[in-house]
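So the structure is just underneath, and the comments pick up after that.
The values are calculated or read from the model by the stated rules, or taken from the named source; none is laboratory data. Bear in mind the structure is a predicted one, so any value in this text is a computation, not a measurement. With ideal geometry, Cβ positions are generated from the backbone for all residues, glycine too; neighbour counts draw on all protein chains shown.
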């Protein structure tokens, strides 16, 4: 299982239930990594999408304890149900995409993290775990600096040396 997120220089990821930055190259990177895959999120992340609609060309799985069944995505009510649902998919095709609490809950189960590091302070209210400070996470690849939406950023890949099983 993988996770994908854009962080600012303090590992901030969001403010007011929205992204910190609007980065066309990062969005292209996100689409490239996740199209045709399974994206897994909490209900607030789904609600933050335009019209509260799931992402196109992906299987959307939403952890939403109070949510109703929907035709356009898979709604699960608990972590137990989530893990049962995810066990039906190839975990190499599963991407955790937010929000902050959901990232924190699912990060131990991920073997790979695709982190877009933006060289700016987005004045975040919510944060992603700083992988550079965790013993089991190692930076294995970092792109050259890219200019995107007026910001400098790099695309980084981290590997977890001891992901948990569910």
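All but one of (1) over 21 Å from residue 155 (Cα atoms); (2) part of a helix (DSSP H, G or I); (3) modelled with pLDDT of 95 or more hold for residue 55; state the number of the condition that does not hold.
(2)
Among the listed residues 47, 15, which satisfies the condition of being more than 17 Å from residue 114 (Cα to Cα), modelled with pLDDT under 95, touching a strand residue (DSSP E or B) at 6+ places or on another chain (Cβ under 8 Å) and surrounded by fewer than 18 Cβ atoms within 10 Å (Cβ to Cβ)?
When all the criteria are applied, what remains is 15.
Which count do you get for residues in region 1-52 that are assigned to a helix (DSSP H, G or I) and at positive phi?
Matching residues across region 1-52 total 2.
Would you kindly identify the strands (runs of 3 or more DSSP E) lying entirely within region 61-166 that contain at least 2 residues that are over 13 Å from the mean Cα position of the chain (by Cα), surrounded by 12 or more Cβ atoms within 10 Å (Cβ to Cβ) and without any contact (Cβ under 8 Å) to a residue 12 or more places away in the chain?
none
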